[in-house]
Each structure stands twice: as structure tokens, then as C-alpha cells.
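Working notes, structure below.
The values are calculated or read from the model by the stated rules, or taken from the named source; none is laboratory data. Here the structure is a predicted model, which means the values were calculated and not measured. Every residue, glycine as well, gets a Cβ built from its backbone with ideal geometry; the counts of neighbours run over all protein chains shown. Heavy atoms of the whole protein, side chains included, go into the accessibility calculation; ligands, DNA and RNA do not. Shrake-Rupley method; radii C 1.70, N 1.55, O 1.52, S 1.80 Å.
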Amino acid sequence: MHRLQCILASACVVIAHPLRAQASADTTGPAFRRGQWGAEFIPSRDLAEGGVLRLSTPTRAWVLDGSATLDHDSASGNSGTQSAHSISFNARVGPRWYHSEYEQVVRFVGLGVSGSYSNASSSQSLGTSSREEVWSAGVYGELGLQYLFTRHLGLGVRGDVVGSGNSVHIMQGASTTQRLTSYRVVLEPPQIIGTFYF
């Protein structure tokens, strides 16, 4: 355990030294300004996921991001034709605060409210059908670090904690219906996140 801690500490020193040297050599590094806009993207996920931000001060921005998906599948077989449809939306909005670590490295923390809606349905030519509708609302907190390659491009990582309440409505056929309510707190896996500033 002690050996692992020494290795991690050595790695941090090796990484931090060139960043500090670069920060002291480059005094004209990228800086945020009031009224600046940004477009966020998550390269490891669906292209439908992204967001926008606007800096109200050089250290604080308002962020709106989310995603949308739409799927349709159909198949034919001995039991007839089956089809499935699904649609989902989620969005979140809130302030984010930035703090410069070096000339080109910033860390940020944010919080806000989030919401989502999804609807999935399936049907068969024999007449059976089902539908599931899910509503969710809650709050989130985020913590991240970003490296600014230029004044217009940053790439980094963020982690989120989300607390939400969920309402599920399940319908099978014309008569069977079921409603479920749940609450949860989730630590989301880290996301790679990029930003274009303009």
C-alpha cells in the first residue's frame, strides 16, 4: 500500500512539473471573459448529447445540456409482426464555477436541476401491446477538470452525483396498468467532455 502511494505521488509530481513550467512560460494563455459562449460535446456518447453555456462572469457560467434519442424497430416471423418504439429526452440547467489551476488548466464545480422523460411501446400483429412511460426530476452536482488547448477548445473529464425521484407508468393491453414511484442517488461514471468557446 505504501509503495502504491509513492508511485502515485511520483506520477503527480512528474505530470505537474511540466504543466507548472508551461504556465510560467506562457503568460498569455486562454482566459474566460464575461459574455463568452461555449458549446459542449461528449465524444464518447451519442452525438445527440451536448449543451451550451454562457459566462456571466469570468469565473461563473450558466449551463444547459441534455440529450434526445428516438428508436424504431420492427421484425416479422412465424408469430407475426412485432414493432417497438422508444423516445427519450433529458435536460439539466444550473450554474458552474471555474477556478484556474494553471494558465491552461481549470477545475470547475456546478449544481442545478435535472429532468427526463421516456416512452417505450411495443405491439404485435396478434393484438397484444405494452407501453412504459417514465418521468424523472431531481438535482445534480458536478466536479471536473479541463485542459484548454487553445482559447477556443478545451477537453477534460467530469463526474456527477444525481438525486432524483422517478415515476413509472406501465400499461399492458387495454386493462392492466401499474404505477411505481422510486427515489435514488447515483454516482455517475466519469465522462470525457469537450468545449468549443467563442
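Some observations on this one:
- For L145, the conditions (1) touching a Phe, Trp or Tyr at 6+ places or on another chain (Cβ under 7 Å); (2) open to solvent by 70 Å² or more (accessible area, probe 1.4 Å); (3) among the hydrophobic types (A, V, I, L, M, F, W, C); (4) closer than 22 Å to Q36 by Cβ all hold with the exception of (1).
- When region 84-104 is limited to residues that are among the charged types (D, E, K, R) and modelled with pLDDT under 85, the one that is nearest to G163 (Cα to Cα) turns out to be E101.
- Taking region 14-83 and the strands (runs of 3 or more DSSP E) fully enclosed by it, no element has 2 or more residues that are open to solvent by 70 Å² or more (accessible area, probe 1.4 Å), at pLDDT below 75 and charged (D, E, K, R).
- Only a single item in (1) at pLDDT 85 or above; (2) open to solvent by 80 Å² or more (accessible area, probe 1.4 Å); (3) not small (G, A, S) is not met by R158, and it is number (2).
- When S182, S114 are checked against the criterion of being out of contact with any Phe, Trp or Tyr (no Cβ under 6 Å at 6 or more places or on another chain) and either surrounded by fewer than 13 Cβ atoms within 10 Å (Cβ to Cβ) or assigned to a strand (DSSP E or B) (or both), S182 stands alone in meeting it.
- Selected residue (only one of E188, E142 is within 16 Å of T59 (Cα to Cα) and charged (D, E, K, R)): E142
- Flag for Y98 being part of a strand (DSSP E or B) and either surrounded by 17 or more Cβ atoms within 10 Å (Cβ to Cβ) or more than 14 Å from the chain's Cα centre (by Cα) (or both): yes
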